[in-house]
Ligand SMILES: *Cc1c(COP(=O)(O)O)cnc(C)c1O
């Protein structure tokens with residue numbers, strides 16, 4: 001498909017604009033451009049068709065099944081967008097006088113209250129704009145706590161080998177030495193190794209639970225106890241609370257601080273680069289170090305007034321003002337629609353859908369840590385590769401030809417040839433059945449016609465980009481022929 005610049009024809013214009021009736025003014029030449037602006041020149045029809053074609057090429061939750069493990073590509077109710085577009089919420093400046101934004105503050109306050117209720121924590125900061133940003137913020141809280149206690153020898157963060165990739169990265173960003181804790185054969189944490197690794201230099205543990213294998217660690221209480229006994233704090237990666245919300249709470253499992261991804265569990269569209277929100281929640285004793293300003297309520301007439309205040313020993317800011325506040329408004333709309341009954345119901349259906357797909361696939365695909373799958377499960381295509389040369393990547397690419405989005409591949413790292421499937425709660429039984437039959441058919445094709453799979457996708461516009469180059473050196477700018485090295 002040609003880019004809009006390649007479709008441009010010099011002199012072509014929109015035909016619908018009236019003749020300009022504004023008086024022309026002239027500037028002194030030194031304030032004028034010396035070269036014409038390089039804008040594409042097209043008719044309105046062409047522009048409209050160009051963007052429609054682009055939209056058709058994108059694949060989103062509204063187009064079909066999207067089982068991208070760990071990413072929770074659930075359907076995002078449109079009512080959330082309606083709420084976030086209210087002009088009473090958008091036409092506001094963050095520095096407006098407090099008495100003119102009481103409604104907004106109530107939104108932030110209510111969202112904080114519900115999220116505390118769901119997580120078992122006491123305070124929330126909405127400043128972080130993404131999950132990894134929340135991890136970074138949470139680790140800064142842990143650091144602020146140890147520093148305030150003059151306990152500065154704690155320079156290590158323990159991170160299980162089944163954790164999300166952002167966890168070790170966040171640990172390193174905060175200047176910690178990241179120590180990888182091995183998993184046991186059930187996919188949980190190896191307690192003996194953990195106990196041996198935890199000590200006077202342990203700042204804390206970062207745990208994703210259910211982990212990236214989709215397993216809820218049955219030793220969770222022992223894990224947090226081991227870390228606390230060593231004097232460390234426990235961080236819960238709650239990017240994806242889909243399996244547990246309304247059922248169990250990280251705060252009750254012994255965790256001190258965590259983040260959530262509003263743009264996963266709490267239904268804000270994501271995948272296109274934001275805006276996201278990765279609020280950090282913590283126990284009372286850490287709240288004094290939280291970043292930015294938080295909403296509190298003063299006593300007084302008519303139920304009091306909301307006001308913004310910096311936590312007493314805040315370590316500073318990690319973002320602008322109150323974070324991506326409109327995403328918080330979407331999450332609150334979602335929670336209010338679900339209500340107290342809907343939140344656990346959502347979690348149960350997320351787990352049920354994953355267990356259903358797993359049960360219908362495990363006779364043909366190998367699923368290494370099968371027992372305790374929660375909201376997602378991981379297939380290993382290792383045997384398939386051995387027997388047919390067809391890899392996890394080939395299976396994923398073949399799914400594109402069948403019109404569904406591939407799952408996460410080659411992650412978690414502890415499973416060879418991994419395909420990590422998270423159906424989410426918003427898919428119907430029929431959609432799951434169709435995806436199951438597609439995956440079964442691909443498995444048959446792998447034995448009958450492996451070459452076909454090696455060449456998949458056959459129907460997509462882009463076949464097999466070099467994944468590393470695409471990620472590290474993406475070409476996102478058109479280079480104009482007449483000025484190769486020009487900015
Ligand atoms: C998605 C995810 C993250 C990172 O969230 P971003 O918003 O992409 O930064 C961290 N941990 C887990 C378990 C996740 O699934």
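Values in this text are rule-based calculations from the coordinates and carry no lab data. Note that the structure is a prediction, hence the values are computed from the model and not measured. So basically every Cβ, Gly included, is an ideal-geometry build from the backbone, and we count neighbours across all protein chains shown.
What is the antiparallel percent of DSSP beta bridges lying wholly in the chain, to the nearest 5? Mind dumping the intermediate values first?
On the way: 21 of 38 bridges.
If we restrict to bridges inside the chain, about 55 percent are antiparallel.
Within 10 Å of each residue's Cβ, count the other Cβ atoms and sort 33, 443, 464 from fewest upward. Present the calculation step by step, with values, prior to reporting the outcome.
Details: 33 6, 443 20, 464 13.
Fewest-to-most ranking of 33, 443, 464: 33, 464, 443.
Could you please state, rounded to a whole Å, how far the C-alpha centre of segment 456-478 is from the C-alpha centre of segment 141-212?
Result: 35 Å between the Cα centres.
Take 257, 178, 327 and order them by how many other Cβ atoms sit within 10 Å, fewest up front.
Details: 257 31, 178 17, 327 27.
So the residues, fewest neighbours to most, are 178, 327, 257.
Treat each spin label as a single point 7 Å out from the Cα along the C-beta direction, and report the residue 348 to residue 218 distance in nm.
2.3
So, in nm, how far is label residue 3 from label residue 41 when the simple model puts each one 7 Å beyond its Cα toward the Cβ?
The two pseudo-label positions are separated by 1.9 nm.
So what are the radius of gyration and Dmax for the Cα set of segment 141-193, in Å?
When restricted to Cα atoms, segment 141-193 yields Rg and Dmax of 12.8, 39 Å.
Within 10 Å of each residue's Cβ, count the other Cβ atoms and sort 28, 43 from fewest upward.
28, 43
Going by average Cβ neighbours within 10 Å, how do the peptides 233-243, 85-95, 381-391 rank, with the highest at the top? Don't skip to the answer; put the middle values down first.
On the way: 233-243: 27.7, 85-95: 10.5, 381-391: 17.6.
Highest-to-lowest ranking by the protection proxy: 233-243, 381-391, 85-95.
For segment 260-320, what relative contact order do you get, as a whole percent, if you take Cα pairs closer than 8 Å and at least 6 residues apart?
It rounds to 28 percent for segment 260-320.
Just report the Cα centroid separation between segment 50-91 and segment 344-367, whole Å.
Cα centroid to Cα centroid, the span is 25 Å.
Obtain the radius of gyration and the Kirkwood radius of segment 329-487 from its C-alpha atoms and give Rg over Rh.
1.08
Starting from the Cα of residue 441, step 7 Å toward the Cβ, then list every residue of segment 394-413 with an amide N under 18 Å from that point.
Answer for this model: 394-407.
For segment 123-164, what is Rg from Cα atoms divided by 2.2 N^0.38 Å, rounded to two decimals? Mind showing how you got there, number by number?
Working: Rg = 12.2 Å, N = 42, 2.2 N^0.38 = 9.1 Å.
Here the Cα radius of gyration is 1.34 times the empirical estimate.
Can you tell me how much longer the chain between residue 192 and residue 452 gets when fully stretched, taken as 0.36 nm per residue apart minus their C-alpha distance, in nm with one decimal?
Working: separation 260, 0.36 × 260 = 93.60 nm, distance 4.69 nm.
Stretched out fully, the residue 192 to residue 452 stretch lengthens by 88.9 nm.
So how much slack lies between residue 87 and residue 31, counting 0.36 nm per residue of separation and subtracting their Cα-Cα distance, in nm? Don't jump to the answer; show the numbers that get you there.
Working: separation 56, 0.36 × 56 = 20.16 nm, distance 3.72 nm.
Fully extending the segment from residue 87 to residue 31 adds 16.4 nm.
Hey, with R₀ at 25 Å, roughly what FRET efficiency would residue 428 and residue 463 work out to, going by the Cβ-Cβ distance, to 0.05?
0.20
So in segment 78-336, what percent of DSSP beta bridges are antiparallel if you round to the nearest 5?
Given both bridge residues lie in segment 78-336, the antiparallel proportion sits at roughly 40 percent.
Report P(r) for segment 78-336: all Cα-Cα distances, bin width 5 Å, range 0 to the bin holding the largest distance, values in whole percent.
It works out to 1, 6, 14, 18, 19, 16, 11, 7, 4, 2, 1, 0, 0, in whole percents.
How high is the relative contact order of the chain, in percent, counting Cα pairs under 8 Å that sit 6 or more residues apart?
Relative contact order of the chain: 18 percent.
Taking the Cα centre of each part, how many Å lie between segment 308-336 and segment 224-268?
Taking the Cα centre of each part, segment 308-336 and segment 224-268 sit 18 Å apart.
Let me check against my output: what whole-number percent is the relative contact order of segment 78-336, with C-alpha pairs under 8 Å and at least 6 apart?
29
If a paramagnetic tag sat 7 Å from the Cα of residue 321 along the Cα-Cβ line, which residues of segment 62-104 would have the backbone N under 16 Å from that point?
84-104, by backbone N distance to the label point.
Which percentage, to the nearest 5, of the DSSP beta bridges contained in segment 98-217 is antiparallel? Kindly include the intermediate steps, with their values, before the conclusion.
Numbers: 1 of 9 bridges.
The antiparallel fraction comes to roughly 10 percent.
When the Kirkwood radius is taken over all Cα pairs of the chain, what Stokes-Einstein diffusion coefficient follows at 37 °C and 0.692 mPa s, in µm²/s?
130
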